[in-house]
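A.B. asks: Right, I'll just put the structure down here and ask away after.
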Amino acid sequence: RKAVNIIHRSLALQEAARPAYPIAEIYGHYFNKSGNYACLSGLPVECEVLAQQLTILEHWALTEIAPNEFLDKAWVKDKERAPHICSIMQRCDKMSNMVASEVLAGETATGRAKTITRWITVAKLCRKHNNFASLLQIVAGLTFSAIQRLKFTWSLVTSEMKNELNQLKDVVSVSNRFKNMKAEIKRCDPPCVPYVGVYLADLISIEEGVQNLNSNGLINFAKMRMLAHTILEIRLYQQTHFEVEVIAEVIKHILVNCSNALSEDKIFERSYSLEPRSARPMSTESSTSSA
């Protein structure tokens with residue numbers, strides 16, 4: 001505990017003004033609230049605008065995390081001490097479910113293929129904006145096994161877009177503790193929205209792999225420096241502002257759709273209802289058009 005307090009005091013000295021986004025009120029009003037699901041793919045919003053708003057939303061969420069939430073594995077041991085980290089991880093899953101739900105909202109394979117193509121485009125733009133949080137969420141949603149099994153749908157997605165998705169999958173791969181994503185984050189200039197899970201994995205590795213006390217029974221300052229270095233890197237990204245205007249209506253739709261996305265079980269159920277195992281290529285389209 002004494003070692004943790006030392007890091008906490010050190011981080012307090014690094015405290016700086018956080019960028020202010022007018023999102024807190026929108027978030028509190030619409031996230032985790034039931035509402036009318038209006039497919040984002042159907043909104044008259046360009047992919048670039050959607051990517052920008054996703055980026056602003058994720059960066060706002062990142063700035064809400066206090067430094068002490070990263071200490072002593074609080075998000076695992078005592079979630080009340082790390083409310084914003086836990087909120088981000090919860091919403092990460094919901095965002096992935098939202099992307100999958102949007103694909104499955106299409107009644108025809110053609111419509112679903114268009115939605116997949118649109119989300120791949122949004123993911124590419126998130127990468128351009130250094131928004132690795134949304135990039136991972138979108139790729140996770142598109143690579144759910146319930147989405148990947150839609151062979152008739154994927155047959156209508158161009159090879160170019162499939163290749164783009166494969167490249168994005170490589171960026172967010174969990175191999176070697178997100179090695180590729182870490183490398184890309186290191187190369188980019190702030191502002192940036194890293195996926196918080198990258199740092200949580202590193203912090204757990206340090207906490208569990210290095211003793212608090214050295215062989216002489218004294219505080220292991222080498223460990224304290226490793227923890228502080230990791231947290232200060234996050235602080236850098238928290239404090240660098242995106243110069244993008246918040247569009248409240250788009251943020252609202254993102255939050256409502258995220259909150260009302262299908263559960264994983266419902267995603268599979270919907271997937272199999274749209275393209276049963278025994279379905280033939282033309283049966284999905286023809287049965288829908290005749291309904």
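A.B. asks: For segment 139-167, enumerate the residues that are aliphatic (A, V, I, L, M) and either more than 19 Å from VAL198 (Cα to Cα) or surrounded by fewer than 21 Cβ atoms within 10 Å (Cβ to Cβ) (or both).
C.D. replies: Selection gives ALA140, LEU142, ALA146, ILE147, LEU150, LEU156, VAL157, MET161, LEU165.
A.B. asks: Quick one: how many residues across segment 210-230 are assigned to a helix (DSSP H, G or I) and open to solvent by 40 Å² or more (accessible area, probe 1.4 Å)?
C.D. replies: Total meeting the criteria: 5.
A.B. asks: Considering segment 198-209 alone, what residues qualify as being open to solvent by 40 Å² or more (accessible area, probe 1.4 Å) and aliphatic (A, V, I, L, M)?
C.D. replies: ILE204
A.B. asks: From the list GLU243, GLU233, GLU269, GLU249, which one is farther than 30 Å from LEU156 by Cα, open to solvent by 60 Å² or more (accessible area, probe 1.4 Å) and assigned to a helix (DSSP H, G or I)?
C.D. replies: GLU249
A.B. asks: Take the residues of segment 168-177 that are modelled with pLDDT under 95 and surrounded by 11 or more Cβ atoms within 10 Å (Cβ to Cβ): which is nearest to the chain's Cα centre (by Cα)?
C.D. replies: Taking the candidates together, the pick is VAL174.
A.B. asks: Consider LYS128 carefully, then state whether it is closer than 30 Å to SER278 by Cα, surrounded by fewer than 17 Cβ atoms within 10 Å (Cβ to Cβ) and among the charged types (D, E, K, R).
C.D. replies: In short, no.
A.B. asks: Do we find that GLU58 is in a helix (DSSP H, G or I) and without any contact (Cβ under 8 Å) to a residue 12 or more places away in the chain in this structure?
C.D. replies: So GLU58 fails the test.
A.B. asks: Would you call LEU136 closer than 17 Å to ASN97 by Cα, of a type outside the set (Ser, Thr, Tyr), part of a helix (DSSP H, G or I) and open to solvent by 10 Å² or more (accessible area, probe 1.4 Å)?
C.D. replies: yes
A.B. asks: Check off (1) in contact with a helix residue (DSSP H, G or I) (Cβ under 8 Å, 6 or more places away or on another chain); (2) in a helix (DSSP H, G or I); (3) open to solvent by 60 Å² or more (accessible area, probe 1.4 Å); (4) at pLDDT below 95 for ARG9 and give me the number that stays unchecked.
C.D. replies: Of everything listed in (1) in contact with a helix residue (DSSP H, G or I) (Cβ under 8 Å, 6 or more places away or on another chain); (2) in a helix (DSSP H, G or I); (3) open to solvent by 60 Å² or more (accessible area, probe 1.4 Å); (4) at pLDDT below 95, ARG9 misses just condition (1).
A.B. asks: LYS223: out of contact with any helix residue (DSSP H, G or I) (no Cβ under 6 Å at 6 or more places or on another chain) and modelled with pLDDT under 95, yes or no?
C.D. replies: yes
A.B. asks: Going by the conditions given, is GLU69 part of a helix (DSSP H, G or I), without any contact (Cβ under 8 Å) to a residue 24 or more places away in the chain and open to solvent by less than 30 Å² (accessible area, probe 1.4 Å)?
C.D. replies: So GLU69 passes the test.
The values are calculated or read from the model by the stated rules, or taken from the named source; none is laboratory data. These numbers were taken from a predicted model, which means no experiment stands behind them. Every residue, glycine as well, gets a Cβ built from its backbone with ideal geometry; the counts of neighbours run over all protein chains shown. Ligands, DNA and RNA are excluded from the accessible area calculation, which covers all protein heavy atoms including side chains. Shrake-Rupley method; radii C 1.70, N 1.55, O 1.52, S 1.80 Å.
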